[in-house]
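One structure is given below, encoded as structure tokens.
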Amino acid sequence: MKFLIIAGLSDSLINFRGHLISDLIRRGVEVHAAAPDLTRDCQTRAKLEKKGVIVHDIFLRRTGVNPWHDFLTLIGMIRLMRTIKPDNVMGYTIKPVIFGTMAASLSRCTGRFALITGLGYSFSGDCVNFKHRLISNIASMLYRLSLRSASKVFFQNPDDQALFREKKILNSKTPSVVVNGSGVDIEHFVPSNYPSRVTFLFIARLLIEKGVREYVEAAYQLKSVYPESTFLLVGELDSNPNSITREELDRWIDDGIVSYLGVMDDVRLAFGSSSVFVLPTFYREGIPRTILEALAMGRPVITTDTPGCRETVIDGENGFLVFPRNSGELAHAMRVFLDSPDLVAVMGKRSREEALKKYDVRLVNSSMLKEMGLDDESTILSREFLHSS
């Protein structure tokens, strides 16, 4: 049996799907992976090939709505699938889902799976201008067209599933299921000691929608009352026009508000230096991986009451949920830990319990493989699930 997994970014195949790929290979499946410039990403390619994955390049522009580029992406995927003849195909993120599922249908692949890992900018709900509305409408149309031929659609939170049903993007005849995000390796991310002083941590691409400005504004407020408080910032500046500027970041550093740690290959070091994880995002997330890592490492979490985030926090038990775009409420939630530092360990313990119960990557992948009919060897060999889906 052959399984093709399609990604928009090559390194996400290891960072977000590495365990799923390993689980497929352990079941005797021949795994193929496709992403833009994958063969030129030497580090990712080496890691995938070490697992036994066969890698392929595809033409795909993650952003933009150029019809010619998207047509080339579709044609390239069809050619790839007709060459390797996969039994099952799964794309994740918007363009791999849309064009991967279309190509799988046109190539007559039997198992066509789509993983919706968040809806991002197109479905943020803030269609404030014509361009945004146009992109949202095009995305909805293409999702609707492609998903009608999907064997099953996986969502990472119930809000996204409900929205697709409400907008009639998801055909009533197409099976769908909600899984607990991408999961987290609970043996790799383990609890560690807390620093002696309450320290806050933000990890994300430094995009406005990720709430980085709200985090810093809250830090400014708290620094005036708690001058010894510490606010760590991890993440990279992005070419996205919605990224903060280098000048803005430098001002925060020069003002002594944040300690900027840059981009880290191993974020466990940042978690180990922190007490509380903060992600005040208003981006349409699936379930943020950084929150799952914080839970696994026994950190309380402060995040927004928004799709993909609200699922991870039991308000008042393992952290707090706040309104998006509200630095004042965020500062109030952070202040609770500054005034009552003993809560860090109490809530951190509950976070670890949630990670073990719901977000262990092995449980998440087992659920997905079962839903795809790949949960055991006998089912793989018979392929009966492909004809009954």
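Among the residues that make up the stretch 65-84, is at least one of them open to solvent by less than 10 Å² (accessible area, probe 1.4 Å), farther than 22 Å from S239 by Cβ and out of contact with any Gly (no Cβ under 8 Å at 6 or more places or on another chain)?
There is at least one residue in the stretch 65-84 that is open to solvent by less than 10 Å² (accessible area, probe 1.4 Å), farther than 22 Å from S239 by Cβ and out of contact with any Gly (no Cβ under 8 Å at 6 or more places or on another chain).
Name the pairs: first residue in the stretch 142-154 and touching a residue at least 40 places away in the same chain (Cβ under 8 Å) and within 13 Å of I116 (Cα to Cα), second residue charged (D, E, K, R) and buried (at least 22 other Cβ atoms within 10 Å of the Cβ), Cβ to Cβ under 6 Å, at least 6 apart or on different chains?
Note: pairs meeting the criteria are A150/R112.
Taking L207 and the conditions (1) touching a residue at least 40 places away in the same chain (Cβ under 8 Å); (2) within 21 Å of T303 (Cβ to Cβ); (3) open to solvent by 10 Å² or more (accessible area, probe 1.4 Å), which numbered condition does it fall short on, given that it satisfies the others?
Of (1) touching a residue at least 40 places away in the same chain (Cβ under 8 Å); (2) within 21 Å of T303 (Cβ to Cβ); (3) open to solvent by 10 Å² or more (accessible area, probe 1.4 Å), only one is false for L207: (3).
When you check A294 against the structure, is it over 18 Å from A204 (Cα atoms), open to solvent by less than 60 Å² (accessible area, probe 1.4 Å) and either touching a strand residue (DSSP E or B) at 6+ places or on another chain (Cβ under 6 Å) or not in a helix (DSSP H, G or I) (or both), yes or no?
Spelling it out, it is not the case that A294 is over 18 Å from A204 (Cα atoms), open to solvent by less than 60 Å² (accessible area, probe 1.4 Å) and either touching a strand residue (DSSP E or B) at 6+ places or on another chain (Cβ under 6 Å) or not in a helix (DSSP H, G or I) (or both).
Name the residues in the stretch 11-26 that are outside any helix (DSSP H, G or I) and modelled with pLDDT of 95 or more, would you?
The one that is outside any helix (DSSP H, G or I) and modelled with pLDDT of 95 or more: R17.
Filter the stretch 313-356 down to the residues that are free of Cβ contacts under 8 Å to residues at least 60 places away in the same chain and open to solvent by less than 20 Å² (accessible area, probe 1.4 Å) and list them by number.
V313, N318, G319, V322, A333, M347, S351, E354, listed by residue number.
Checking Y260 against (1) assigned to a loop (DSSP other than H, G, I, E, B); (2) closer than 15 Å to T199 by Cβ, only one condition comes out false. Which one?
Among (1) assigned to a loop (DSSP other than H, G, I, E, B); (2) closer than 15 Å to T199 by Cβ, the lone unmet condition for Y260 is (1).
What are the residues in the stretch 152-176 that are surrounded by 14 or more Cβ atoms within 10 Å (Cβ to Cβ) and over 29 Å from N66 (Cβ atoms), if any?
K152, N157, D159, Q161, A162, S176
Report whether or not L38 is within 23 Å of the chain's Cα centre (by Cα), in a loop (DSSP other than H, G, I, E, B) and under 13 Å from I5 (Cα atoms). Working first, answer last.
Values: within 23 Å of the chain's Cα centre (by Cα): yes; in a loop (DSSP other than H, G, I, E, B): yes; under 13 Å from I5 (Cα atoms): yes.
Here the answer is yes, as L38 does meet what is asked.
Pairs needed: first member in the stretch 164-179, part of a loop (DSSP other than H, G, I, E, B); second member anywhere, among the aromatic types (F, W, Y); C-beta distance under 7 Å; at least 6 residues apart or different chains.
Filtered contacts from the stretch 164-179: I169/Y143; L170/F164; V179/F154.
Does E214 satisfy being assigned to a helix (DSSP H, G or I), modelled with pLDDT under 95 and within 23 Å of the chain's Cα centre (by Cα)?
So E214 fails the test.
The values are calculated or read from the model by the stated rules, or taken from the named source; none is laboratory data. Because the structure is predicted, anything quoted here is derived from the model rather than measured. FYI the Cβ positions are ideal-geometry reconstructions off the backbone, even for glycines, and counts take in every protein chain you see. Please note that ligands, DNA and RNA were not included when accessible areas were found on the heavy atoms of the full protein model with its side chains. Shrake-Rupley method; radii C 1.70, N 1.55, O 1.52, S 1.80 Å.
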